[in-house]
Structure formats: C-alpha cells, structure tokens
Amino acid sequence: MNPTIAMITFRAMLGRKRALLLLALPLLLLVLSVILRATGNNDLDLAANVLQNFGLATLLPLLALIAGTGVIGPEIDDGQIMYVLTKPIPREVIVLTKLVVAIVLVTLFAVVPTLLAGLVLIGTTAQITPAFTIGVLAGGVTYSAVFVALGVMSRNAVTIGLLYALVWETLLGSFAPGAKSASIQQWSLSLTDALTDASPVTSTVGVPLALTLLALVAVAATLLATFRLRSLPVASAD
C-alpha cells in the first residue's frame, strides 16, 4: 500500500459531491431505525428485514459502487492516473491501495451504520446485529474489489455496477434461483445466517461455498484490475 496515493484518494473522495451520497444513504438508514424504535416497531422480524433489505441489499452495493468506482475511475477518465503510472510504483500496489481506500470507505459508511442501526433497532438480540455487521463487511470487501476492477476496465462502470446490483441481484434474483445464488449479496447473507439463529434470516447458499466464492471473486477482481492497469501506459504512449 502507498500512503501518498491513499491520502490523495481519500481527499478526492471526501471532497467531491459523491461524498454527499456516501453520507446520505447511511443517514437515511439511521433515521429510519430511530423512527422505528421510537414508534415501537422494532421487533425481531422487522429489524432483520430492515438490516437485510436496506443495509445489506441496498446500502452496501450502492456505497461500494460509489467508493469502488470513485477511487480510480475518474482518474482514468480524465487522464490523471497517468501521473501515478509514470512513477516507479508497481501496478499491484496502486490497485491494492485504491482497494484499501474503497474498503475503508465502505466500512465507515456502510458497515458502521449497519451496526449502529442494528443496535438502535434491537440491540444484540439473537446476535442479529453482529451477524449483519460481519456479513456486510465481508460483502463490502468483495463488492469493492469488483467495482474497483470495473472502474479500471470500463468508462461505464457505474452503469454496469447498477445493472448488476439492481437487475441481476434484485430483479432476476427474485425470479431465477440460479441468479439469486450467484450473487455477492446472497453469499454475504449466507455468512450472516450462519452467525444468527434468527429465523427471518435465511440464505440459499451454504457457508463454505459462500466464503470460498467471496474470496475467489475478490482475488480475481483484484488481479484483473492489476492486469488491466498494466496496459494503460502502453495505450497512452501510443
């Protein structure tokens, strides 16, 4: 990891308009949780539903998309990345640094709010809050790797990412069991399900397979981003 690249990336991410998006979604989750708790609508089923459908299925992929594509995509689009690529810094270090920044942002703006929302709604009853926190963190790492790779590979990374999160995981996942099982969301939910005895939390994928797929996809996406980044100086030179 390169501290200078990390600092510049953090400054760029938190200084842009997209920083407002990073704040808006978790604030909405927290406000919703406070309202539900204040009105007495904080039973086990409702808490699990909010944490799953808002925290895991909505907040996490959108925040990871904003962070993952934002840490590198704009620099590639406007050519600023070439300044970094001219330095004697290995391409894998650049990618890993960008990935770490994306993961930190996802942790701050998705994982921590999920933890706080769970504590507000139901505390640690049935271990739902810790389970969803760990599930969101695991999914956040994989989502971040995938979206960083998309940011390196395509100028349409945000559109592709939205299509994946909204169409594949949400729409097709509701009708096609195969699509539902082949999703980062479902693999993260599998880990969550294993950590809580709450009946509302169920997954269609076994834990060993889910953990394996989360790790494999994260590693494959990171390697793919590194490979693609190595070709950018050659294309620029031409």
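The values are calculated or read from the model by the stated rules, or taken from the named source; none is laboratory data. Quick caveat, the model's predicted, so the values are computed rather than measured. Because the Cβ atoms are built from the backbone with ideal geometry, glycine has one as well, and the counts that use them run over all protein chains shown.
Considering only residues of the range 61-79 that are crowded, with 23+ Cβ neighbours inside 10 Å and touching a Lys or Arg at 6+ places or on another chain (Cβ under 7 Å), which is farthest from residue 133 (Cα to Cα)? Ranking the candidates gives 72 first. Looking at 4, 39, 58, which is the one that is surrounded by 14 or more Cβ atoms within 10 Å (Cβ to Cβ) and among the polar types (S, T, N, Q)? Among 4, 39, 58, only 58 is surrounded by 14 or more Cβ atoms within 10 Å (Cβ to Cβ) and among the polar types (S, T, N, Q).
Taken over the range 108-126, the residue count meeting the criterion of being part of a helix (DSSP H, G or I), surrounded by fewer than 23 Cβ atoms within 10 Å (Cβ to Cβ) and more than 22 Å from the chain's Cα centre (by Cα) is 3.
Out of the range 137-146, which residues are under 12 Å from residue 106 (Cα atoms) and in contact (Cβ under 8 Å) with a residue 40 or more places away in the chain? Passing the criteria: 138, 139, 140, 141, 142, 143, 144, 145. Residues in the range 73-100 that are modelled with pLDDT under 90 and β-branched (Val, Ile, Thr): 76, 81, 84, 86, 89. Report whether or not residue 149 is aliphatic (A, V, I, L, M), under 23 Å from residue 13 (Cβ atoms), part of a helix (DSSP H, G or I) and modelled with pLDDT of 85 or more. Answer is yes for this residue.
Restricting the range 175-200 to residues that are modelled with pLDDT under 75 and surrounded by 13 or more Cβ atoms within 10 Å (Cβ to Cβ), the residue that is nearest to residue 49 (Cα to Cα) is 180. Contact map, the range 211-227: residues that are under 15 Å from residue 183 (Cβ atoms) paired with residues that are buried (at least 16 other Cβ atoms within 10 Å of the Cβ) and not hydroxyl-bearing (Ser, Thr, Tyr), Cβ distance under 6 Å, separation 6+ or inter-chain. Pairs shown: 213/187; 214/138; 214/187; 218/141; 218/145; 221/145; 221/146; 221/149. Taking the criterion of being more than 20 Å from the chain's Cα centre (by Cα) and β-branched (Val, Ile, Thr), the residues of the range 76-107 that qualify are 76, 81, 84, 86, 89, 93.
Residues checked against (1) farther than 30 Å from residue 1 by Cα; (2) modelled with pLDDT under 90; (3) in a loop (DSSP other than H, G, I, E, B):
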{"position": "162", "(1), (2), (3)": "no, yes, no"}
{"position": "166", "(1), (2), (3)": "yes, yes, no"}
{"position": "173", "(1), (2), (3)": "yes, yes, no"}
{"position": "202", "(1), (2), (3)": "yes, yes, yes"}
{"position": "208", "(1), (2), (3)": "no, no, no"}
{"position": "211", "(1), (2), (3)": "no, no, no"}
{"position": "225", "(1), (2), (3)": "no, no, no"}
